[in-house]
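Enquirer: Okay, handing you the structure first.
The values are calculated or read from the model by the stated rules, or taken from the named source; none is laboratory data. Only a predicted model underlies this, so the values are computations on that prediction, with no experimental measurement involved. Cβ sites come from the backbone with ideal geometry, for glycine too, and all protein chains shown count toward neighbours. Ligands, DNA and RNA are excluded from the accessible area calculation, which covers all protein heavy atoms including side chains. Shrake-Rupley method; radii C 1.70, N 1.55, O 1.52, S 1.80 Å.
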Amino acid sequence: MPDQESLCLGIDVGSVSTNLVLIDDHHNIVYKKYLRTQGQPIPVVQEGLASIEKTYPKMKIQAVGTTGSGRQLAGAIVGADVVKNEITAHAVAACCFQPDVQTVIEIGGQDSKIIILREGVVTDFAMNTVCAAGTGSFLDQQAARLGIPIEDFGEIALRSQNTVRIAGRCTVFAESDMIHKQQVGHSMADILAGLCGAMVRNYMNNVGKGKQIRPPVLFQGGVAANLGMRKALEEELNCPVVVPPAFDVMGALGAALIAKEQVEYSNQLTRFRGFGVSERSFQVDTFICSHCANHCEIVNISIEQELVARWGARCGRWNVKEKNSKYPHSDSAS
Amino acid sequence: MTSVVGMPRALAYHDYFPFWEAFFDGFGVRLTASPPTNKALVHEGVRRAVDGTCFPVKILLGHVHWLIENGYTTIFLPRFVSVAPKEYICPKFMGLPDMVQATFGTKAKFLVPTIDLNLPKKCFYEQIQTLGSEFGCSPKQTKLAFRQGLEALRDYRDALLKGRWPANSNSQNADNNQPTLEVEGKKSLKVGLLGHSYLIYDDFANMHIVNKLQNMEVEVMTVDMLPDERIDAQSLAWPKRMFWTSGRRILGAAREYVEMRIPGIIYVTAFACGTDSLTAELVERTLRRESPIPQLILNLDEHTGEAGIVTRLEAFVDMLRWRINR
């Protein structure tokens, strides 16, 4: 048991899920937790920390990294050593799992990305632009509309004999197309497989446009759980698509790896606040600064009334004073 | 006669304000610009714009609104058609004065000279003379004022060429013109920006991209920091001549960046920009085919959430450093 060992923690706070990962010295995942964010990042991160503490009461944390759209918030409350964007985190994790990876396809709840690597270095990437049609929420919505649990989606889609073609440009069009296909009597399996195909086409047109997709291809992010999507991708790309065992926590894994490297490189002690964080009370309050016409939306994060982080301002007016600013802001939006 | 004239700090302002300021000064008129773009101003612009116009035009309407609200009775809004023979400006610039007057009606007097260098030069000088006579200026005096304007414009462009940022920009200060940033452990990194000046120099519209890059210890270059001769030469290397001046400069700069072996290129564009729909696509496809230099396209619009921009910039800079350190 890794009870006495020192481990590195990675936290990925995404729009849909919050994932926590612990890795050992050999970069092995010793613990992983997948939680639904449900719009409440702070309690969810606290819940995750509490469950780690319960499992490994004596464990020591060597470094902490956060990533995902809530990386800044998570970084402030746990005391992260590194706050990293999700592209870099996913690329690092993919390289760790398969060093010769050339393409990473990541489809999450509200965004999707493609990362092109050559010889272990990111050479190109893209994220979805204005439209979320090529992301997990699209599948989520359609599954809900058809009344099937999202977990069964992929398996049902695999049973398809004659995939129907569904317009994938936009969720609204896809839905009307899908209803039409249902009304004329196509089977559920064929329609679900059609949806997977539509989503892959949309992904290729939007995110994968102009990219040199070469094997090995890794498929990660929550949507990689969907076997129908994996099959549709393989058909589109004409090559095997590998889903790593930790596909759903790759962002968190990447954050842990980067934090580990950073702390070892700088030879510093971690800034981790300790597992006690899960029991402390955090207050988040926001206000609109009326000092100038920009009306910035300022966010304050405090632990038991003590201000620990603040962001949202376009100018330096609201910077937290030096004594409180031991948090990694250099890498953040503040 | 009016002695103070207002000019919206948007669109053509970023390229030509020093010229007009010195020109008006030549006959004792003070040309004042609206303040740098801010949220309230954008809000007013968006409220008044017809949908389907691009973000920069909405910003301009906000600036005009500000000028009217703040008591400017005369507003200077030249109609830019062409600033170089056989080239044009984005068509929205041509219709802009009409769009503005249709929106704001007679709340202010609009001075609208037509700048069209595609016509014989005589027509352009006539426009300038008419402008002068509006303020009771003799032809000779106007001519002098015009020369004064040209001088100011040349100084402004020289300053930009030397890497100084326009004074209204919060980015790297004009006086603080430090050479390359050598940061311990990090090799200096240069990124070339492509995009229209009204996006690159408007910190609010571009969500402080330049500041953000500089905070990541990245040295930022713009199209205006490249010598005109290079841009002209490089723009001829494209299979077909681009007829929009700004687009032509962007295409030229793109090739010059490639020749300089700049580590990364960021194309900043506004959602629904008509000319960029061609230029950005051309640049992206051609460079991807012909050079290994990574590019990032940032599409700006009215949203004020910066997370998307920050993630892309950070990932891009990480990638460039990763490549360089190899």
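Enquirer: Taking θ = phi - 60°, what integer Hz values does the Karplus form 6.51 cos²θ - 1.76 cosθ + 1.60 yield along segment A:242-247, in sequence order, with x for Gly and Pro?
Expert: These are the phi-based 3J(HN,Hα) values: 9, 9, x, x, 9, 3 Hz.
Enquirer: Still on this structure: What is the average number of partner chain Cβ atoms found within 10 Å of a Cβ in B:34-44? Mind dumping the intermediate values first?
Expert: Values: counts 0, 2, 2, 2, 6, 8, 4, 2, 2, 2, 1.
Per residue, the average neighbour count from other chains is 3.
Enquirer: Considering only protein heavy atoms and a probe of 1.4 Å, how much of the accessible area of segment B:23-94 is carbon and sulfur, as a whole percent?
Expert: Details: 1510 of 2790 Å².
Answer for segment B:23-94: carbon and sulfur cover 54 percent of the accessible area.
Enquirer: Any idea of the total accessible area buried by the A-B contact, 1.4 Å probe, rounded to 100 Å²? Write out the running numbers ahead of the final one.
Expert: Working: alone 16040 and 15720 Å², together 29340 Å².
Buried area (both sides, nearest 100 Å²): 2400 Å².
Enquirer: What FRET efficiency comes out for the pair B:S138/B:E290, r = Cβ-Cβ distance, R0 = 51 Å, nearest 0.05? Show your work: numbers first, answer last.
Expert: Details: r = 55 Å, r/R0 = 1.08.
The value I calculate is 0.40.
Enquirer: Taking springs between alpha-carbon atoms closer than 10 angstrom, which of A:D140, A:D285, A:D25 fluctuates most in the Gaussian network model of chain A?
Expert: Judging by the Gaussian network model, the answer is A:D285.
Enquirer: Given the -39500 (n - 2.57) contribution per DSSP H run of 4+ residues, what per-residue ellipticity at 222 nm results for chain B, rounded to the nearest 500 deg cm²/dmol? Working shown, then result.
Expert: Numbers: 12 runs with 160 residues, N = 326.
The helix contribution divided over chain B gives -15500 deg cm²/dmol.
Enquirer: Compare A:S137, A:S281, A:S17 in a GNM of chain A, Cα atoms joined below 10 Å, and give the one with the largest fluctuation.
Expert: With Cα springs under 10 Å in chain A, the top fluctuation among A:S137, A:S281, A:S17 is at A:S281.
Enquirer: In addition: Note the angle between two axes, namely the Cα long axis of helix B:55-69 and the longest principal axis of the Cα atoms of chain B, as a number of degrees from 0 to 90, rounded to the nearest 10.
Expert: Rounded to the nearest ten degrees, it is 40.
Enquirer: Going by amide H atoms built from the backbone, whose H comes under 5 Å of the H on A:F219, apart from near neighbours?
Expert: Excluding prolines and chain starts, which carry no amide H, the hits are A:I105, A:V242, A:V243.
Enquirer: Assign one of three labels to segment B:1-133, namely rounded, prolate or oblate, based on the Cα gyration tensor with a ≥ b ≥ c the square roots of its eigenvalues; rounded applies when a/c is under 1.5, prolate when it is not and a/b is larger than b/c, and oblate otherwise.
Expert: Numbers: a/c = 1.87, a/b = 1.24, b/c = 1.51.
Oblate is the answer for segment B:1-133, as a/c is 1.5 or above yet b/c matches or exceeds a/b.
Enquirer: Wrap a convex hull around the Cα atoms of segment A:282-324, take a quarter of its surface area, and give that in square nanometres. Please report the intermediate quantities before stating the final value.
Expert: Values: hull surface 11.6 nm².
Mean orientational projected area (segment A:282-324, Cα hull): 2.9 nm².
Enquirer: Segment B:136-168 to segment A:274-294: how many Å between their Cα centroids?
Expert: Each part reduced to its Cα centre gives a spacing of 48 Å.
Enquirer: Between the alpha-carbon centers of segment A:5-40 and segment A:168-237, tell me the distance in whole angstrom.
Expert: Using only Cα atoms to place each centre, the spacing works out to 28 Å.
Enquirer: Using a Gaussian network model of chain B with C-alpha springs under 10 Å, which one of B:P113, B:P97, B:P292 is most mobile by mean-square fluctuation?
Expert: B:P292
Enquirer: Sorted by average packing, counted as other Cβ atoms within 10 angstrom per residue and highest first, what order do B:20-27, B:131-138, A:248-255 take? It would help to have the intermediate numbers written out before the result.
Expert: Values: B:20-27: 21.4, B:131-138: 17.2, A:248-255: 30.8.
Packing order, densest peptide first, comes out as A:248-255, B:20-27, B:131-138.
Enquirer: Same structure, new question: Segment B:264-290: which residues show an accessible-area loss of 50 Å² or more, assembly versus chain alone, 1.4 Å probe?
Expert: B:R288
Enquirer: Simple spin-label model, 7 Å along Cα-to-Cβ: B:T103 to A:E151 in nm?
Expert: 5.3
Enquirer: If each residue of separation counts as 0.36 nm, what is the full-extension length gain between A:A225 and A:D140 once their alpha-carbon separation is subtracted? Don't skip to the end; give the middle numbers.
Expert: On the way: separation 85, 0.36 × 85 = 30.60 nm, distance 1.25 nm.
Result for the pair: 29.3 nm of gain on full extension.
Enquirer: Right, next: Using the heavy atoms of the protein chains alone and a 1.4 angstrom probe, what is the accessible area of chain B per residue in square angstrom?
Expert: Result: 44 Å² of accessible area for each residue.
Enquirer: Set the Förster radius R0 to 51 Å, insert the Cβ-Cβ distance between A:S290 and A:E234 as r into 1/(1 + (r/R0)^6), and round the FRET efficiency to 0.05. Before the final figure, lay out the partial values.
Expert: Working: r = 55 Å, r/R0 = 1.08.
The formula returns an efficiency of 0.40 here.
Enquirer: Can you figure out the FRET efficiency of B:D155 with A:I298, using R₀ = 41 Å and their beta-carbon distance, to the nearest 0.05?
Expert: After rounding to 0.05, the efficiency reads 0.55.
Enquirer: Separate question: Hey, what did chain B get for relative contact order, percent, Cα under 8 Å, at least 6 apart?
Expert: On the way: 511 pairs, mean separation 55.2, N = 326.
In percent, rounded to a whole number, it is 17.
Enquirer: In whole Hz, what ³J(HN,Hα) sequence does segment B:117-134 give by Karplus (6.51, -1.76, 1.60; θ = phi - 60°), x for Gly and Pro?
Expert: Using θ = phi - 60°, the values come out as 7, 6, 7, x, 3, 3, 4, 5, 5, 4, 4, 5, 5, 4, 4, x, 5, 3 Hz.
Enquirer: Please state the relative contact order of segment B:56-173 as a whole percent: Cα pairs under 8 Å, 6+ residues apart?
Expert: Values: 104 pairs, mean separation 23.6, N = 118.
So the answer I get is 20 percent.
Enquirer: Hey, got the average number of other protein chain Cβ atoms within 10 angstrom for residues in B:306-317?
Expert: On the way: counts 5, 6, 6, 1, 7, 13, 5, 2, 9, 13, 5, 2.
Mean partner shielding for this stretch: 6.
Enquirer: In deg cm²/dmol and to the nearest 500, what is the mean residue ellipticity at 222 nm of chain A if only DSSP H runs of at least 4 residues count, each as -39500 (n - 2.57), divided by the residue total? Please report the intermediate quantities before stating the final value.
Expert: Values: 9 runs with 115 residues, N = 334.
The per-residue figure over chain A is -11000 deg cm²/dmol.
Enquirer: Tell me the relative contact order for segment A:282-324 as a rounded percent, counting alpha carbon contacts under 8 Å between residues six or more apart.
Expert: 29
Enquirer: Now, a different point. Highest mean first, what order results for B:56-68, A:185-197, A:72-84, A:43-55 on Cβ atoms within 10 Å?
Expert: Working: B:56-68: 24.8, A:185-197: 21.3, A:72-84: 26.4, A:43-55: 18.2.
Result, highest mean first: A:72-84, B:56-68, A:185-197, A:43-55.
Enquirer: Something else about it: What's the average, rounded to a whole number, of partner chain beta-carbon atoms within 10 Å of each residue's beta-carbon in A:288-299? Can you show the working numbers first?
Expert: Numbers: counts 1, 0, 0, 0, 4, 12, 9, 5, 3, 3, 0, 0.
Average neighbour count from other chains, rounded to a whole number: 3.
Enquirer: Compute the separation of the alpha-carbon centres of segment B:70-124 and segment B:222-284 and state it in Å as a whole number.
Expert: 25
Enquirer: Relative to the longest principal Cα axis of chain B, at what angle does helix B:13-25 sit, 0 to 90 degrees, rounded to 10?
Expert: Roughly 30 degrees, rounded to the nearest 10.
Enquirer: Rounded, prolate or oblate, given the Cα gyration tensor of chain A, with a/c below 1.5 counting as rounded?
Expert: Numbers: a/c = 1.94, a/b = 1.56, b/c = 1.24.
Prolate, since a/c reaches 1.5 and a/b exceeds b/c.
Enquirer: If you place +1 on the Cβ of every Lys and Arg and -1 on the Cβ of every Asp and Glu, how big does the dipole about the Cα centre of the protein assembly as shown come out, in debye to the nearest 20?
Expert: Values: 69 positive and 70 negative charges, 262 e Å.
Roughly 1260 debye, rounded to the nearest 20.
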